[in-house]
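Engineer: Sharing a structure here in structure tokens format.
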Amino acid sequence: MWLIAAGLFFLAVVILCSSHVVAIGRLTRKNEDDQLSFHIRALFGLINYVWEVPIMTMAPGAVDIKTKTKNQRQEGSTTESEERIGVKTVMNRLEEYKLLIQHTDRMFNWVGRSLRHVKLEEWRWQTAVGTGDAAWTAMACGAMWTIQSTLLGVSSQFTRLRAVPYMTVTPIYSHSHFSTEWSCIAKIRFGYAIVAGLQLLVRIRRVKGGLTTWQNILFKG
């Protein structure tokens, strides 16, 4: 009986480690409406979280955003928050990221190694641009196509692109217009994600004060 139980436990661990963590990102910009969302699903749906930015309003020198986080497996587990992001907020975030990098042993090396296990299963980006002038519209479309191609190239350098990317840039000559819709699906095996998390913890503990710094930044009020 113990041998059977151990075998079943081992089989369950193998199945869980072989399953995928799926991340779905979407960004939509149409006229003055913005929508940004990230969906994380893992362990055959036992972990199912959605992070959304349904409202983004421009203010003088800042951006007001409203975020929503919810667990789709639990009714009523939705949290909402509002934040104003200005120059000071951005600078503070950059300083925090700099501290995290300084208190992690070769963090960029860890990022590169971890991303090699990420598979891009979908990459779609459709944009329409118009300025009201044919020449400027053509230039704007060329610039947008360069941006899209560059970001795809960078992503494919660090991850494994498994699907044929779909990208379009459509010129609108009759009037001023800008709309864009981007979506991406990335996968990593749950076992690799666990190993990457453990490796990060080891790298943090190698640096004096690393664990305390990470805790202070990630769990600050």
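The values are calculated or read from the model by the stated rules, or taken from the named source; none is laboratory data. The structure presented is a predicted model; accordingly, all values stated were derived computationally and were not measured. Cβ: placed from backbone, ideal geometry, glycine included. Neighbour counts: every protein chain shown.
Engineer: Quick test of your reading of the structure: Leu211 fulfils all but one of (1) more than 19 Å from Leu27 (Cα to Cα); (2) in contact (Cβ under 8 Å) with a residue 40 or more places away in the chain. Name the failing condition by number.
Structural biologist: (2)
Engineer: Among the numbered criteria (1) assigned to a helix (DSSP H, G or I); (2) more than 19 Å from the chain's Cα centre (by Cα), which single criterion is violated by Thr104?
Structural biologist: Against the list (1) assigned to a helix (DSSP H, G or I); (2) more than 19 Å from the chain's Cα centre (by Cα), Thr104 comes up short only on (1).
Engineer: Further question on the same structure: How many residues are in contact with a Ser or Thr (Cβ under 7 Å, 6 or more places away or on another chain) and of a type in the set (A, V, I, L, M, F, W, C) when one looks only at the range 126-148?
Structural biologist: 4
Engineer: Separate question: Can we say Met139 is at pLDDT 90 or above, surrounded by fewer than 16 Cβ atoms within 10 Å (Cβ to Cβ) and out of contact with any helix residue (DSSP H, G or I) (no Cβ under 9 Å at 6 or more places or on another chain)?
Structural biologist: yes
Engineer: Could you say whether any residue in the range 86-105 is exposed (fewer than 13 other Cβ atoms within 10 Å of the Cβ), polar (S, T, N, Q), closer than 22 Å to Val195 by Cβ and at pLDDT 75 or above?
Structural biologist: no
Engineer: Select from the range 125-143 the residues that are in a helix (DSSP H, G or I) and of a type in the set (Val, Ile, Thr) and list them in ascending order.
Structural biologist: Thr137
Engineer: Assuming Val21 fulfils every condition listed in (1) farther than 30 Å from Val129 by Cβ; (2) at pLDDT below 75; (3) assigned to a strand (DSSP E or B) apart from one, which condition is it?
Structural biologist: Val21 satisfies all of (1) farther than 30 Å from Val129 by Cβ; (2) at pLDDT below 75; (3) assigned to a strand (DSSP E or B) except (2).
Engineer: Now for a separate question. Do we find that Glu75 is modelled with pLDDT under 70 and over 19 Å from the mean Cα position of the chain (by Cα) in this structure?
Structural biologist: Yes: the conditions hold for Glu75.
Engineer: For the range 111-124, name all the residues that are outside any loop (DSSP other than H, G, I, E, B), touching a Ser or Thr at 6+ places or on another chain (Cβ under 7 Å) and not basic (Lys, Arg).
Structural biologist: Leu115, Leu120, Glu122
Engineer: I'd like to know if the range 149-171 contains one or more residues that are more than 20 Å from the chain's Cα centre (by Cα) and in a helix (DSSP H, G or I).
Structural biologist: no
Engineer: Would you confirm, using the coordinates I've provided, whether Trp125 is over 28 Å from Thr104 (Cβ atoms), surrounded by 17 or more Cβ atoms within 10 Å (Cβ to Cβ) and in contact (Cβ under 8 Å) with a residue 24 or more places away in the chain?
Structural biologist: Yes: the conditions hold for Trp125.
Engineer: So, one more: Quick check on this structure: which one of Trp182, Trp145 is closer than 25 Å to Gly112 by Cβ, surrounded by 13 or more Cβ atoms within 10 Å (Cβ to Cβ) and among the aromatic types (Phe, Trp, Tyr)?
Structural biologist: Trp182
Engineer: Moving on. Which count do you get for residues in the range 191-201 that are in contact (Cβ under 8 Å) with a residue 12 or more places away in the chain and either part of a strand (DSSP E or B) or over 20 Å from Arg162 (Cα atoms) (or both)?
Structural biologist: 4
Engineer: Let me ask something else about it. Select from the range 172-190 the residues that are part of a strand (DSSP E or B) and either under 19 Å from the mean Cα position of the chain (by Cα) or at positive phi (or both) and list them in ascending order.
Structural biologist: Thr180, Glu181, Trp182, Ser183, Cys184, Ile185, Ala186, Lys187, Ile188, Arg189
Engineer: So, one more: Looking at Asn109, Asn48 in this structure, which one is under 20 Å from the mean Cα position of the chain (by Cα), modelled with pLDDT of 65 or more and under 30 Å from Gly209 (Cα atoms)?
Structural biologist: Of the residues listed, the single one that is under 20 Å from the mean Cα position of the chain (by Cα), modelled with pLDDT of 65 or more and under 30 Å from Gly209 (Cα atoms) is Asn109.
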